[in-house]
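Student: The structure that follows is given in the form of structure tokens.
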Amino acid sequence: MSGRVRGKRFIVTGGARGMGASHARHLAEEGAAVVIGDVLDKEGMDLADELQADGLEVHYTYLDVTDEASWKAAVDGTVGQLGAIDGLVNNAGVTGIPGGPEAEGLDAWNATVSVNQTGAYLGLRAVVPHLRAAGGGAVVNVSSILGFIGDGDYFAYSATKGALRLMTRSAALKYAPDGIRVNSVCPGMVRTPMNDAEVDADGYVTNTPMRRMAEPVEVSKAVLFLLSDDASYITGSDLVIDGGYLAR
Ligand SMILES: NC(=O)c1ccc[n+]([C@@H]2O[C@H](COP(=O)([O-])OP(=O)(O)OC[C@H]3O[C@@H](n4cnc5c(N)ncnc54)[C@H](O)[C@@H]3O)[C@@H](O)[C@H]2O)c1
């Protein structure tokens, strides 16, 4: 590994499994110290143990991204442990209930918005002061191709992923003077637990020019790039990683 983020300290939300776990491993393999925050304590602690056994600096903390007090505890703990924070990956997300607005119901709508959108907002509130104190940093928001196109079934999900793209731009404008870059990654369908059951994988693959799903690490490489100094003049942008799906 080339150590492209050596010495940097990152928080990855929703890092106990799936893409977040891949981001944590990949960033640590490139020299970063990483704290994964999640509500899945057992999975998160097991993952941190596994990565530490591989010689990587990865720690787990409980973090419910919908809860401001939980953010404060996790961020204070991270600063206590690592000394400072140089970057944040707002990766935690849920798909919500399929079936459109009538099937979904207000509680499910609120739950999806609360994790996917409010979670990223609270993340900015909690972490930006520390990035500023560190002299700058980078944030990556995990949106989706469903932030560009509608989805009749995953109505709230698509709404939150679209919102994340504009939150990315607004935050990029707000924090550029502080040396803080804010970008989004927008994956197509990725092979993770999120897609194990409910999603029409065959239909997606058929409509994807590259005729396959992404592996999590293919998104992790984009996250690494955007957090690294290689992306020093990139802010407010969306990096689409979808095998050509949106190009059709
Ligand atoms: N898998 C895909 O095809 C795909 C495509 C585009 C975008 N995404 C996005 O990528 C991100 C990661 O998805 P994934 O596929 O790895 O899903 P996943 O379900 O495997 O992982 C999501 C993680 O978020 C955590 N999480 C949920 N609610 C939380 C909360 N309140 N606080 C903290 N953590 C919480 C979960 O415990 C889990 O570890 C999500 O934002 C998702 O919307 C996924």
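We did not get these values from a lab; they are worked out from the coordinates using the rules stated. Nothing here was measured: the structure is a model prediction, and the numbers come from that model. Here the Cβ is made from the backbone with ideal geometry for all residues, glycine too, and neighbour counts use every protein chain on show.
Student: Determine, for each peptide in 229-236, 138-145, 36-43, the mean count of other beta carbons within 10 angstrom over its residues, then list the peptides with the highest first.
Tutor: On the way: 229-236: 13.5, 138-145: 26.6, 36-43: 20.4.
Ranked by mean Cβ neighbours within 10 Å, highest first: 138-145, 36-43, 229-236.
Student: Now for a separate question. Mean-square fluctuation check for the chain, GNM, Cα pairs under 10 Å: which of G31, G147, G203 is largest?
Tutor: Evaluated over the chain, the most mobile residue of the options is G203.
Student: Can you give me the distance in nm between label points at K174 and M210, each placed 7 Å from the Cα along the Cα-to-Cβ direction?
Tutor: 3.3
Student: FRET efficiency for L246 and R125, Cβ-Cβ distance as r, R0 = 41 Å, nearest 0.05? Write down the numbers at each step before the final one.
Tutor: Numbers: r = 31 Å, r/R0 = 0.75.
That pair, L246 with R125, gives E of 0.85.
Student: Can I ask one more? When only C-alpha pairs under 8 Å and at least 6 residues apart count, what is the relative contact order of the chain, in percent? Don't skip to the answer; put the middle values down first.
Tutor: Working: 520 pairs, mean separation 47.9, N = 248.
Relative contact order comes out at 19 percent.
Student: Too long at a 22 Å Cα-Cα cut-off: which of K72/K221; K8/K42; K8/K72? Each step should come with its number before you reach the end.
Tutor: Working: K72/K221 28 Å; K8/K42 26 Å; K8/K72 20 Å.
Cα-Cα > 22 Å for K72/K221; K8/K42; rest within.
Student: Then there is this: So what is the relative contact order for the stretch 175-248, in percent, with contacts set as C-alpha pairs under 8 Å and at least six apart? Intermediate values should be presented prior to the final figure.
Tutor: Working: 82 pairs, mean separation 37.5, N = 74.
Result for the stretch 175-248 is 51 percent.
Student: What percent of all Cα-Cα pairs in the stretch 9-243 falls in each 10 Å bin, counting up from 0?
Tutor: Spelled out bin by bin, the stretch 9-243 gives 8, 34, 38, 17, 2 percent.
Student: Let me have the 222 nm mean residue ellipticity of the chain computed from DSSP H runs of 4+ only, each contributing -39500 (n - 2.57), with the sum over all residues rounded to the nearest 500. Walk me through the numbers on the way to the answer.
Tutor: Working: 8 runs with 108 residues, N = 248.
Roughly -14000 deg cm²/dmol at 222 nm, from the helical runs in the chain.
Student: Helix by helix through the chain, keep the DSSP H runs that span 20 Å or more along the axis on Cα and average at least -0.5 on Kyte-Doolittle, and give those back in order.
Tutor: 68-82, 119-133, 155-175
Student: Next up: With each label point set 7 Å from Cα along the Cα-Cβ vector, what nm distance links A103 and D76?
Tutor: 4.3
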